[in-house]
Amino acid sequence: MLQERKEKLYLRYQEMFSRLYSISICKKNEIDEVAYFIDNYWKKDHALVKSRVLMDWQYFNRVSNTYNFILARSRVNGEIHAIEGFIPTTQFDPGIQDPMTWGAIWKTRSNVAPPGLGMAVKMYREHEYSSPFASEVGISKDAEKYNQQLGNTIFCLEPWYMRNMYMHKYKLIKATALEYGSIVHKHSNIKTKYISAEAWRKSDFNLKGIPPFKSRKYYEGRYFKHPFYDYKALLLSDGEEDEVIFYRIVECNDSRCIFFVDYIGLGHVLGKSHACLTEIMKKYSAEYILFLCYGIDERYLIEAGFHNRWKSDDVVPIYYEPFVKQNVDIMCASRSKEIIWPSFKGDADQDRPNIIS
């Protein structure tokens with residue numbers, strides 16, 4: 001029923017705008033116009049504008065020789081009046097059969113674009129470049145409204161964090177008198193190992209929990225081959241199961257924190273890894289670990305020593321380019337009524353550079 005409704009809406013919007021606009025995928029020779037559009041109508045000196053390397057890494061489809069942007073171009077003057085970027089997981093592994101597609105930058109020129117053009121672009125992308133899994137990570141209030149109109153499910157990345165209790169002064173986090181001693185952590189014989197790109201390609205890990213829209217090659221392309229960020233991969237093993245955490249170190253105000261940006265596992269090993277995670281914070285002298293995620297059983301997160309920021313008075317920053325000492329929630333939308341997949345900060349474009357030196 002919902003799919004039929006969306007099909008009718010798509011046809012209606014196409015009929016409304018087909019005379020005034022051509023809506024299509026961005027060709028290779030149009031990307032300079034997209035960069036101009038982003039620079040002038042989205043954000044001046046945006047990272048994607050300043051770095052073609054970042055733009056190509058995130059949006060250039062080397063199979064089709066196009067960029068993953070949908071453009072609405074005026075038939076009157078040829079100008080672009082609306083765009084929507086999207087990131088399928090095949091961007092990092094073209095061999096994935098059932099990819100996830102994340103919506104990304106979505107913008108109309110409000111001074112010239114007629115009402116509804118942004119929706120027409122979005123529906124074109126969802127119809128013409130559909131995939132078995134589709135969601136958006138980090139949506140605005142306007143995008144939340146549109147997703148509700150389409151019948152999509154709204155959810156939020158849950159802000160789980162762990163403070164470094166060996167530190168007496170914090171520069172990044174605003175800490176309250178939260179007590180950490182109320183939980184008994186299981187200090188099992190968990191072994192840890194840092195994984196290089198070569199080891200990731202060659203080693204036979206006993207991994208469970210890789211979703212169907214990701215793959216070993218996806219993680220390699222997304223994290224080991226990032227053009228700017230230095231991601232690290234940590235193997236957690238209890239002798240029976242292996243789990244992997246992808247993370248990066250964030251530095252600011254002569255201090256550090258750790259972002260867990262992706263994770264492979266069912267939570268069984270993570271739940272027994274409190275001592276290991278504490279050692280990681282001590283190793284980097286990090287104030288806290290932040291794990292923005294959805295879909296992991298909270299029992300394992302609590303057992304590992306994480307706390308849900310929604311249940312505390314701490315201020316746990318998530319933005320560092322520039323640094324914003326505030327609590328911010330990352331809202332998401334799913335095309336499915338039942339969200340059956342995990343979501344992380346490393347999904348879509350939430351963990352990308354905002355400042356290019």
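A few notes on this one:
- Gyration tensor verdict on the range 80-207 (Cα atoms; rounded if a/c is under 1.5, prolate if a/b is larger than b/c, oblate otherwise): oblate
- For the range 1-78, the dipole from Cβ point charges (+1 on Lys and Arg, -1 on Asp and Glu) about the Cα centre works out to 140 debye, to the nearest 20.
- Computed from point charges on the beta carbon alone (+1 for Lys and Arg, -1 for Asp and Glu), the dipole magnitude for the chain about its Cα centre is near 500 Debye.
- P(r) weight above 15 Å for the range 246-350, C-alpha pairs, percent: 67 percent
- Ordering Pro212, Trp200, Phe133 by Cα displacement along the dipole of the range 109-229 toward the positive end leaves Trp200 in first place; charges were set at the Cβ atoms of Lys, Arg (+1) and Asp, Glu (-1).
- Computed over the alpha-carbon atoms, the range 158-329 gives an Rg to Rh ratio of 0.95, Rh here being the Kirkwood radius from the mean inverse distance.
- Largest-first principal axis extents, alpha carbons of the range 238-277, Å: 40, 20, 12
- Entry note: the chain has Rg to Rh equal to 0.98, where both radii use alpha-carbon atoms and Rh is the Kirkwood radius.
- Partner aspartates and glutamates whose Cα lies under 18 Å from the Cα of Lys311, excluding those fewer than 8 positions away in the same chain, are identified as Glu158, Glu179, Asp297, Glu298, Glu303, Asp329.
- Mean Cβ count within 10 Å, highest first, over the residues of peptides 68-77, 275-284: 68-77, 275-284
- Partner lysines for Lys27 [C-alpha distance under 20 Å; skip if fewer than 8 residues away on the same chain]: Lys50, Lys107, Lys122
- For the range 54-125, the ratio of Cα radius of gyration to the globular rule of thumb 2.2 N^0.38 Å stands at 1.21.
- Qualifying chymotrypsin sites (Phe, Trp or Tyr not before Pro) in the range 128-176, DSSP loop, other Cβ atoms within 10 Å at most 12: Tyr166
- Normalised size of the range 1-136, defined as Cα radius of gyration per 2.2 N^0.38 Å with N residues, equals 1.04.
- The range 210-299 shape via C-alpha gyration tensor axes, a/c threshold 1.5: oblate
- Computed over the chain: relative contact order in percent, which uses C-alpha pairs under 8 Å that are six or more apart: 20 percent
- Student exercise, the range 158-329 dipole from Lys, Arg, Asp, Glu Cβ charges, in Debye to nearest 20: 360 debye
- Based on DSSP H segments of at least four residues, each scored -39500 (n - 2.57), the chain has a per-residue ellipticity at 222 nm of -6500 deg cm²/dmol.
- log₁₀ of I(q)/I(0) at q = 0.19, 0.20, 0.29 Å⁻¹ - the range 1-65, Debye sum with one point per alpha carbon: -0.86, -0.88, -1.15
- Separation of the range 283-323 and the range 118-143, taken as the distance between their Cα centroids, equals 28 angstrom.
- All lysines inside 22 Å of Lys232 as judged from Cα atoms, apart from same-chain residues fewer than 8 positions distant: Lys191, Lys193, Lys202, Lys208, Lys214, Lys217, Lys272, Lys282, Lys283, Lys345
Read-outs: derived from the displayed coordinates by stated rules, not from any lab. Treat the numbers as computed from the prediction; the structure is a model and nothing was measured. Note that we place each Cβ from the backbone using ideal geometry, even for glycine, and neighbour counts take in every protein chain shown.
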